[in-house]
Amino acid sequence: MGSLGALLFLLGSLGALADVCEIPHVDSQLVERMGQHLLPWMNQISQEQLNPSIYVGLRLSSVQAGDMEAFYLHSLKLKYQQNILGCTSSDDCKTKPPMGQLALYMLALRANCEFARGHKGDRLVSQLKRFLEDEKKAIGHNHKDYPYVSYYQYGLSILALCVHQKRVHDSVVKKLLYAVEHDQHFYQGTLSVDTEAMAGLAFACLERSNLNPNLRNRITLAIRTAIGKILKTQTSEGHFGHVYSSPLALQFLMTSPMRDMELGTACLKAGAALLAILKDRGFQNVLMISTLLPVLNHKSYVDLISPDCQAPRAAPSSLLGTVVLEPAMEIPSQTQSSDVIRVTLKVPSVLPPYRHVIFVPAGSSLEDVLKKAQELWGFTYGTKATLSGPYLTSVMGKEAGEREFWQLLRAPDTRLLQGIAEYTPKDGETIELRLVSW
Ligand code: B12
């Protein structure tokens, strides 16, 4: 081929790339480095730390964790199946893992090419269906009330049942359709990109599986609506919403067979922005990494409808296009220097309001600041373990009530994009903990 031919070929392939949702090529070393972050978590198999999202992320990615994968799935089964079988009445179930986690566990089973079958499978399916019915009732006939838990977990549960080819009633799907059609995934005036993307993934699965044929046209339209809304959130750097909502948004956008220049260009830009962050070692949170890994492998949760069951796992590292993870020689830790920084901690939502200057080593997390304040300056707080890390539940003895939460802000009014374990305040910052409704 002459040089003009080569140029035309290149332009042609770039053109083809830019009208469907694809991201730029990712260097396998970068993917491996990110996968490495999951290994220490896979060694923690205490009930609290087990996270089905890790397993799903790995199985939809080009990295493999060898024998640890099978062992991890086994631990997940022990945890969740014990819970499912032990849960006979809805009262029992209050102390059990949240339904969204059971949904993620179902995704993990499917990622291992298993269907929810038999006594245990049936229990799992009926629990999720019951959860969806309860949520549907909470939303109410006129769609004006809120689900008890969240639309995010509502969408996730429909998705999980769908990849197992389990049909939910049209009335259940209609609530999620209505939410997308009527902008109900907004919070404090901003679209929750993750919630919209999760709904989109559920619809994409339903559309492909044709489980609710009566709603087919409405589902197709809702997918387009969700795509349009997410595209509108793209920032000048390229993220959908912001850096941490881009991975799930991309998973959803990648499911679209639509050929559209705006979509193609937006995805390339979002992918390039994520890669720049990756090169800068930007992702530490295990949930985020496990959501991003499939994207880097051009996959999404919808691929769990028919996962690749032929490809060998945990085989030699020479498998074409795959990387078998080995523990890194040195696990990078948070860089803490001998410099000391000054952070002001402010809690106006309690009486008397709390305000104190705390000195911590540079590089400390917000959690370190809270600990120091608790140790030395009369501050108290409580957390609960979640799949995203420690979630702040109470401050100065005040527990967040139903539909309330302790919001993390940098003064005067910037919402933090990370939780207490990951956010590292800068010298001179004021951090506010504010009790708000959501
Ligand atoms: C719904 C939701 C909320 C709800 C949770 C209440 C509820 N009943 O669901 C509300 C609005 C209260 C909320 C608050 C916050 N959220 Co939020 N939230 C979500 C969302 C959309 C779904 C979570 C979920 O159901 N997961 C599925 C279930 C199965 O997993 P789970 O572990 O059992 O779920 C629990 C935790 O996720 C926890 N949770 C929710 N948000 C956060 C944030 C952090 C940092 C932690 C540790 C836990 C946590 O609430 C869930 C229900 O109990 C996720 C999006 C996502 N991709 O995960 C963002 C997400 C987890 N939230 C995020 C953030 C930043 C926050 C806040 C820190 C915002 C702020 N500035 O205050 C606060 C948490 C502050 C605190 N007190 O510690 C980020 C975390 C990014 C990161 N780097 O890790 C995410 C990923 C959104 C995003 N793309 O930016 N959130």
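When DSSP assigns beta bridges and you keep just the ones with both residues in the chain, what percent turn out antiparallel, to the nearest 5?
85
Net charge in the neighbourhood of Ser365 (other residues with Cβ under 12 Å of its Cβ; Lys, Arg +1, Asp, Glu -1) is -1. Separation of region 237-271 from region 361-438 is 31 Å, based on Cα centroids.
Under a model in which nothing but the beta-carbon of Lys, Arg (+1) and Asp, Glu (-1) is charged, the chain shows a dipole of about 1000 debye around its Cα centre. Positive-end ranking of Ser192, Ile139, Val180 along the dipole of region 108-203, with charges on Cβ about the Cα centre, is headed by Ile139. Rounded, prolate or oblate: which fits region 157-240, taking a ≥ b ≥ c as square roots of the Cα gyration tensor eigenvalues, rounded meaning a/c under 1.5, else prolate when a/b beats b/c? Prolate.
State to the nearest 20 debye the size of the charge dipole of region 203-259 about its Cα centre, where the only charges are +1 on K and R beta carbons and -1 on D and E beta carbons.
260
Close amide H partners of Gln407, meaning residues 5 or more places away or on another chain with modelled amide H under 5 Å apart, are Arg434, Leu435, Val436.
Going from most exposed to least, what order do Thr383, Thr344 have by accessible area with a 1.4 Å probe? Display every interim value, and only then the final one.
Numbers: Thr383 65, Thr344 15 Å².
So, going from the largest accessible area down, we get Thr383, Thr344.
Taking all protein chains as shown and a probe of 1.4 angstrom, Trp41 keeps an accessible surface of around 80 Å². Among the DSSP helices (H) of the chain, those spanning at least 20 angstrom by Cα along their long axis with an average Kyte-Doolittle hydropathy of 0.0 or more are 3-17, 193-209, 216-232, 261-279; this is a geometric and hydropathy rule only.
Quantify, in whole percent, the carbon and sulfur part of the accessible surface of the chain (1.4 Å probe; protein heavy atoms only). Ligands and nucleic acids excluded, carbon and sulfur reach 54 percent. Among rounded, prolate and oblate, which fits region 212-292 when a ≥ b ≥ c are the square roots of the eigenvalues of its C-alpha gyration tensor, a/c under 1.5 means rounded, and a/b larger than b/c means prolate? Prolate is the answer for region 212-292, as a/c is 1.5 or above and a/b outweighs b/c. Remark: accessible surface ordering of Asp145, Asp280, Asp260 (largest first) is Asp280, Asp145, Asp260, probe radius 1.4 Å. Only helices enter this figure: runs of n ≥ 4 DSSP H residues, each worth -39500 (n - 2.57), summed and divided by the residues of the chain, yield -14500 deg cm²/dmol at 222 nm to the nearest 500.
Less than 5 angstrom separates the built amide H of Phe186 from those of Ser192, all sequence-distant by 5 or more or on a different chain.
Per residue, the chain exposes an accessible area of 48 Å² to a 1.4 Å probe, with every protein chain left in place.
Remark: accessible surface ordering of His164, His37, His119 (largest first) is His119, His37, His164, probe radius 1.4 Å.
The values are calculated or read from the model by the stated rules, or taken from the named source; none is laboratory data. Fair warning: this is a prediction, and the values are worked out from it, not measured in the lab. With ideal geometry, Cβ positions are generated from the backbone for all residues, glycine too; neighbour counts draw on all protein chains shown. What goes into the accessible areas is simple: the full protein's heavy atoms, side chains included, and nothing from ligands, DNA or RNA. Shrake-Rupley method; radii C 1.70, N 1.55, O 1.52, S 1.80 Å.
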